[in-house]
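These notes are about the structure you will find just below.
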Amino acid sequence: MEYYTFSANDGTTLAFQSSTPLTPSPSPVNDSIILFLHGFSGSSAYFTRNFPALSERSWVLGLDTRGHGRSSHSKGGYHVARLASDLRDFLLHIYSLNPGKKYKITAVGQSIGAAILWTYIELFGDAEFTSFLFVDQAPLQDRDLRFEWDEKKAHRGCYDEESMLAAQAAWVERPEETYVGLVDECLGYRYQPSSQDRDRSPEERQQNEEYFTSISRVCDGRWLARLLADHTRYDHREACELITKPTLVMAGRRSGCFSLEGMREVVERVKNGRGVNMESKAQMSVFESGHWLFWEEPERFNQEVLEWVRRWE
C-alpha cells in the first residue's frame, strides 16, 4: 500500500492508500475495487491487517477522511455530509486516473465510515457501487423514544445531549484519557473480556493500545468534538431504505458501541426499502469480537469480505 493525495472541491488535500501504483496510471489486476472508510478519530491505517489479503484479489483503496490521518485538518468540514462530498470527489479522482474505465466498487464503511456511505446514498444514490459492507454501526446513535429507539438500539455511551456534551469535553479536555477509553470501548477483549482472552499477553495489549492511540492523537480534539455533535444526531434510518445494492452488516457481539439489535435495523430497513428482491441480498454477520472486529478477527473478516465481493460482482 502506498499513500497518494488529491484535492476535494474546496481545495482541501486528502490522502488515501492504494494497493496499486498510480503512476503513470493505475493498472489493477481486474476491475474490482474494495474501498475502505475508517471510523471516528481513525485512519486507513486501521486496516493494515486486511489490506494484504484483499489486495491479492482486488484493487484496495483506503481513504483518510478530512481531519483524520494524513489528510488535511481543515478548520471547517466537521459534518458527515461534507465527508460524503469528499467521498464523491475521491471517486471522481479515481475515475479520472483511467478515463473511460469502469469499476465494480465494494464499499466497506466502519463506524462513522458507514454513516458517510449512508449520507452519500441519500445525496447521490448508490449507482456507483456494486455492494456494501457496514461494520458495527447503527443507523442512529441518539435515542429517539418517539420511534422506539431506546437504549437497546442507540449508542451505548453517547446517546443524548448530556452524554454528547460530556464526550465533547473529554475529547477536548482529557484527550489522552479519551484515546485509551476509545480502545477500551472498541476492542472486545477489553470491553467484555472472556476466558479465552486470558491468553493475551501484556505486550499484545500494550501494542494495540499504543497503535490505536497514536492514530487518534493525530486528530484535533476540538474538531472531532464538533464532528461528534453532527454524527451522533444524524438519523440514517430512512437513508438505509434507499439502498438497492447487496448489503452485509458485520457486527461485533462484544462491541462497546452498539447492540446487535441496533445494527440489525440496517438489514431490516434495506429489506423493506425500495430495492428489488432485497430479502436475500441484505444480511448480517456476527463476530465474537468488538467494534474493531476487522482487527481482532482479521482472517475471518478478510474471508467474508472476499466471499461477498465474489458473490456480487
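The values are calculated or read from the model by the stated rules, or taken from the named source; none is laboratory data. The model shown is predicted, which means the values in this text are computed figures rather than measured ones. Here Cβ is always computed from backbone atoms with ideal geometry, including for glycine, and neighbour counts include all displayed protein chains. With ligands, DNA and RNA removed, areas are computed over all heavy atoms of the protein, side chains included. Shrake-Rupley method; radii C 1.70, N 1.55, O 1.52, S 1.80 Å.
A few comments on the model shown:
- Taking all protein chains into account, the per residue accessible area for the stretch 36-117 stands at 30 Å² (1.4 Å probe).
- Among Ile121, Thr65, Pro21 the positive-end extreme of the charge dipole of the stretch 1-144 (Cβ point charges): Pro21
- Among the trypsin sites (Lys or Arg not before Pro) in the stretch 110-163, those placed in a DSSP loop whose Cβ has at most 13 other Cβ atoms within 10 Å are Lys152.
- Which listed pairs, of Lys153/Lys271; Lys102/Lys281; Lys75/Lys102; Lys104/Lys153; Lys153/Lys281; Lys101/Lys245, have C-alpha distances above 25 Å, in listed order: Lys75/Lys102; Lys104/Lys153
- Tensor-based shape of the chain (alpha-carbon gyration tensor, a/c under 1.5 rounded, otherwise prolate or oblate): rounded
- Computed on the stretch 123-191, the Cα convex hull volume stands at 161 Å³ per residue.
- Between Asp197 and Ala81, the simple spin-label model (points 7 angstrom out along Cα→Cβ) gives 3.9 nm.
- Estimated inter-spin distance, Glu161 and Thr23, nm [label 7 Å along Cα→Cβ]: 5.3
- Dipole magnitude (debye, nearest 20) for the stretch 225-313, charges at Cβ of Lys, Arg, Asp, Glu: 200
- Taking all protein chains as shown and a probe of 1.4 angstrom, His79 keeps an accessible surface of around 80 Å².
- Residues in the stretch 214-313 average 40 Å² of solvent-accessible surface per residue, probe 1.4 Å, ligands and nucleic acids excluded.
- Taking a Cβ cut-off of under 14 Å around Arg311, the surrounding Lys, Arg, Asp and Glu residues balance to a net charge of +2, with basic ones at +1 and acidic ones at -1.
- Cleavage-rule hits (trypsin sites (Lys or Arg not before Pro)) in the stretch 48-79: DSSP loop, at most 12 neighbouring Cβ within 10 angstrom: Lys75
- Candidates per trypsin sites (Lys or Arg not before Pro) in the stretch 253-313, loop by DSSP, up to 15 other Cβ within 10 Å: Arg253, Arg274
- The label-point distance for Asp31 and Thr48, in a model that sets each label 7 Å from Cα toward Cβ, rounds to 3.5 nm.
- Computed from point charges on the beta carbon alone (+1 for Lys and Arg, -1 for Asp and Glu), the dipole magnitude for the chain about its Cα centre is near 700 Debye.
- Calculated FRET efficiency for the pair Val276/Asn98, C-beta based, R₀ 30 Å, to 0.05: 0.45
- Near Phe36, the amide H atoms lying under 5 Å from its own belong to Leu61, Gly62, Leu63, Val108; only residues 5 or more places off or on other chains count, and H is placed 1.01 Å from N.
- Of the accessible area of the chain, computed with a 1.4 Å probe over protein heavy atoms only, carbon and sulfur atoms account for 46 percent.
- Stokes-Einstein D for the stretch 31-77, Kirkwood Rh over Cα pairs, 37 °C, 0.692 mPa s (µm²/s): 286
- Shape of the stretch 165-313, Cα gyration tensor, a/c cut at 1.5: oblate
- What the phi angles of the stretch 188-195 give under the Karplus curve with 6.51, -1.76 and 1.60, with θ = phi - 60°, is a coupling list of x, 6, 9, 6, 9, x, 10, 4 Hz, glycine and proline written as x.
- Taking the inverse of the mean 1/r over every pair of distinct Cα atoms in the stretch 36-128 gives a Kirkwood hydrodynamic radius of 13.9 Å.
- Glu296 exposes around 30 Å² of accessible area when a 1.4 Å probe is run over every protein chain in place.
- Overall form of the stretch 1-64 per C-alpha gyration tensor (a/c, 1.5; a/b vs b/c): oblate
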